[in-house]
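> The structure under discussion is supplied below as structure tokens; questions concerning it will follow.
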Amino acid sequence: MNHATHGIRILLVALVVPLLVTLAALAVTFSVASTLPSSVAVHWNAAGVPDGFGSPYSFPILIAVICLPLDAIFGSIAVLASHRGPVTVMTKILALVGLFVSVLLAVTLGGALIREQAATSQVHVSLVSLPIGIGVAAVLSVGAWLLLPKAVKVPRGDGGTPPAPVALGAQERASWIRSATAPAGLTWGVVGFMIVIAGIVLFSVLQRGGGTWWISFIPVVIFLLVLSTFAWTIRVDVRGVRMRSALGVPTITVPIATIESAQVIEVQALAQYGGFGMRWGLNGRFGVILRSGEALEVLRRNGRSVVVTVDDAASAAALINGLVKRETAALP
Amino acid sequence: MLLRIDPASTVPLFEQLAASVRSDASRGTLRAGDRLPAARDVADSLDVNMHTVLRAYQLLRDEGLVDLRRGRGAVVTDRVGSYSELGEAIPRLVATARELGLGVSTLTAMIRQEFDS
């Protein structure tokens, strides 16, 4: 199995098949909807009893609105990630999001609509297809997982270069401070997305009378919180490593006594962390991931590690190693 | 940016801080337009008075290595390029002196002579 077939398999599983499933579901639900009365059950409560009624066309609309962007976004991220780095568990999970959701909605909503058509003697039927939808989506996802290339393991500390510790005098004080910010394109992308979402919310609220216009601020607040994790100040000193986001919250601190060593690694943001911002990576890594490339990895004594993508990571790692060395030398 | 100070040294703390920034500039890790860390952050991190840090930044401004602007902090100027040239020249100078078996006092004497001429 060479790399070329890897790319094709990921493209098929992550992008082509989910989009085909979505299009098929759209075709079926649309044609079924055209045969139904203008009001059918569209919402079910937790007990599976319908409590909302509406146009049957809301089924294909819901499928289109949820599945098309989801398939496109997660599929593209998975394909991009596999092009730029090794296929990891993270890439495979990203590749399966579109498939799982598309199959789930196709079976659940399509099934509900077809039952609706079959049961025209009754007015409305309950949603029994949800467990079937979850089951089918899960089985297909497991199958697709096996079809995808085997994931490459990236163990903690792998491929890193630990720089020689900075030689520190007993009384000497040292500090390394540097800001780490996401590329402008990423930041503006998020800002643009925020404006679009807030606009949609505001528009739909105004259509219903506009009494609750203020809820369009909710996406703005959420996105501002996300943006505050796109600019950090990283500080290394005798107390340890402190990573402070633009708003001051969150701030991540790693005390020097909990650090084993530090090193410089190369990070693949998508393949290893599935995106940008504060991220849990694979194999016990937590990271502030703002771009791919050079990063500082702080290996903790508890077997976990903290990663941050920052320039001149070698100086930071050398200072951490120097501080750890002085600290352990001072211990009895 | 790596800042190092030794309170036991006879060199004033602000001079040591400025020397640290200069050393980063000559190593090429600082680029024109980079912002030096906020004085308050540095003071907190190194447990020194904020005025000591500001004095170091003022010294570097007088040298022309940084611009001090209200609200923008200390921003590295274009002159940083010449500092990294100096940073490349010094190891060569020292290596040549070692080859010739000249000590640090002889080399500094030669440099001083060049300065005075």
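> What are the ³J(HN,Hα) couplings of the range B:87-98, residue after residue, when phi is run through the Karplus curve with 6.51, -1.76, 1.60 and θ = phi - 60°? Round to Hz, x for glycine and proline.
Running phi through 6.51 cos²θ - 1.76 cosθ + 1.60 with θ = phi - 60° gives x, 7, 6, 4, x, 5, 4, 5, 4, 5, 4, 4 Hz.
> A further question on this structure: Show log10 I(q)/I(0) for the range A:3-153 at q = 0.08, 0.15, 0.18 Å⁻¹, two decimals, from a solvent-free Debye sum over equal Cα scatterers.
Taking Cα atoms of the range A:3-153 as identical point scatterers yields -0.26, -0.75, -0.95.
> If I take every Cα pair under 8 Å that is 6 or more residues apart in the range A:160-275, average their sequence separation and divide by the length, what percent do I get for the relative contact order?
Once divided by the residue count of the range A:160-275, the mean separation gives 31 percent.
> Related question: Restricting to DSSP H runs of at least four residues, report the calculated mean residue ellipticity at 222 nm for chain A, -39500 (n - 2.57) per run over all residues, nearest 500 deg cm²/dmol.
Taken over chain A, the calculation gives -16500 deg cm²/dmol.
> For the residues B:Asp24, B:Asp6, B:Asp116, A:Asp311, what sequence is obtained by ranking on other C-beta atoms within 10 Å, fewest first?
B:Asp116, B:Asp6, A:Asp311, B:Asp24
> Modelling each spin label as a point 7 Å along the Cα-to-Cβ direction, I'd like the A:Ala27/A:Trp213 distance in nm, to one decimal.
Rounded to a tenth, the inter-label distance reads 4.6 nm.
> Taking θ as phi - 60°, what are the ³J(HN,Hα) couplings along the range B:104-110 by the Karplus curve (6.51, -1.76, 1.60), each to the nearest whole Hz, with x for Gly and Pro?
Rounded to whole hertz, the list is 5, 5, 5, 5, 5, 4, 5.
> Separate question: Please identify, among A:Val107, A:Val136, A:Val249, the residue showing maximal mean-square fluctuation in a Gaussian network model of chain A using a 10 angstrom Cα cutoff.
In the Gaussian network model the winner is A:Val249.
> Any idea what the dipole of chain B comes to, in debye rounded to 20, about its Cα centre with Lys/Arg Cβ at +1 and Asp/Glu Cβ at -1?
The dipole of chain B has a size of about 300 debye.
> Please report the antiparallel percentage of the DSSP beta bridges confined to the protein assembly as shown, to the nearest 5.
DSSP beta bridges in the protein assembly as shown are roughly 90 percent antiparallel.
> Moving on. Please list the non-local residues whose amide H lies under 5 Å from the amide H of A:Val241, H modeled 1.01 Å from N, same-chain partners needing a gap of 5 or more.
Here A:Val254, A:Ile256 satisfy the definition.
> Among B:Gly81, B:Gly33, B:Gly101, determine the one that fluctuates most according to a GNM of chain B built with springs between C-alpha atoms less than 10 Å apart.
B:Gly101
> What list do you get for A:Phe53, A:Phe59, A:Phe100 if you sort them by fewest beta carbons within 10 Å?
Fewest to most other Cβ atoms nearby, the residues stand as A:Phe53, A:Phe100, A:Phe59.
> Would you pull out the residues with amide H under 5 Å of A:Val267's amide H, same chain only if 5 or more places away, H placed 1.01 Å from N?
Residues meeting the criterion, in which the H sits 1.01 Å from N, are A:Gly293, A:Glu294, A:Ala295.
> For the charge dipole of the protein assembly as shown, defined by +1 on Lys and Arg C-beta atoms and -1 on Asp and Glu C-beta atoms about the Cα centroid, which residue among A:Pro69, A:Ala41, A:Ser216 has the Cα displaced farthest towards the positive pole?
Final value for the positive-end residue is A:Ala41.
> Separate question: Could you work out the per residue convex hull volume over the alpha carbons of the protein assembly as shown, in cubic angstrom?
217 Å³
> In what order do A:Lys92, A:Lys153, A:Lys325 fall by count of nearby beta-carbon atoms within 10 Å, going from fewest to most?
Least to most surrounded, the residues fall as A:Lys153, A:Lys325, A:Lys92.
> Still on this model: For an R0 of 51 angstrom, estimate the FRET efficiency from the Cβ-Cβ distance between A:Leu62 and A:Arg301 and round to the nearest 0.05.
The pair A:Leu62/A:Arg301 has a calculated efficiency of 0.55.
> Same structure, new question: In debye, nearest 20: dipole of the range A:3-153 around its Cα centre with unit charges on the Cβ of K, R (+) and D, E (-)?
Once rounded to the nearest 20, the dipole reads 620 debye.
> Report the FRET efficiency, 1/(1 + (r/R0)^6), for A:Ala72 and A:Val249, where r is their Cβ-Cβ distance and R0 is 30 Å, rounded to 0.05.
Working from the Cβ atoms, E equals 0.35.
> Between A:Ile252, A:Ile93, A:Ile222, which gets the highest mean-square fluctuation from a Gaussian network model of chain A, Cα cutoff 10 Å?
Sorting by GNM fluctuation, first place goes to A:Ile222.
> Still on this model: To the nearest 20 debye, what is the magnitude of the charge dipole of chain A about its Cα centre, counting +1 on the Cβ of each Lys and Arg and -1 on the Cβ of each Asp and Glu?
640 debye
> Counting pairs of alpha carbon atoms under 8 Å apart in space and at least six apart in sequence, what relative contact order in percent does chain A give?
Averaging sequence separation for qualifying contacts and normalising by length gives 17 percent for chain A.
> For a quick check: with amide H placed at 1.01 Å from N, whose amide H comes under 5 Å from A:Glu260's, ignoring anything fewer than 5 positions away on the same chain?
Hits under the 5 Å cutoff: A:Leu299, A:Arg300, A:Arg301.
> Using a Förster distance of 25 angstrom, determine the FRET efficiency expected from the C-beta separation of B:Ala109 and B:Arg79, and round it to 0.05.
Efficiency, rounded to the nearest 0.05: 0.35.
> Also, quick follow-up: Does the range A:183-229 come out rounded, prolate or oblate, given a ≥ b ≥ c as the square roots of the eigenvalues of its C-alpha gyration tensor, rounded meaning a/c under 1.5 and, failing that, prolate meaning a/b above b/c?
The shape class here is oblate.
Read-outs throughout are calculated quantities, based only on the coordinates presented, and are distinct from any laboratory measurement. All figures in this text were calculated on a predicted structure; none of them were measured in a lab. Every residue, glycine among them, receives a Cβ derived from its backbone with ideal geometry; neighbour counts consider all protein chains shown.
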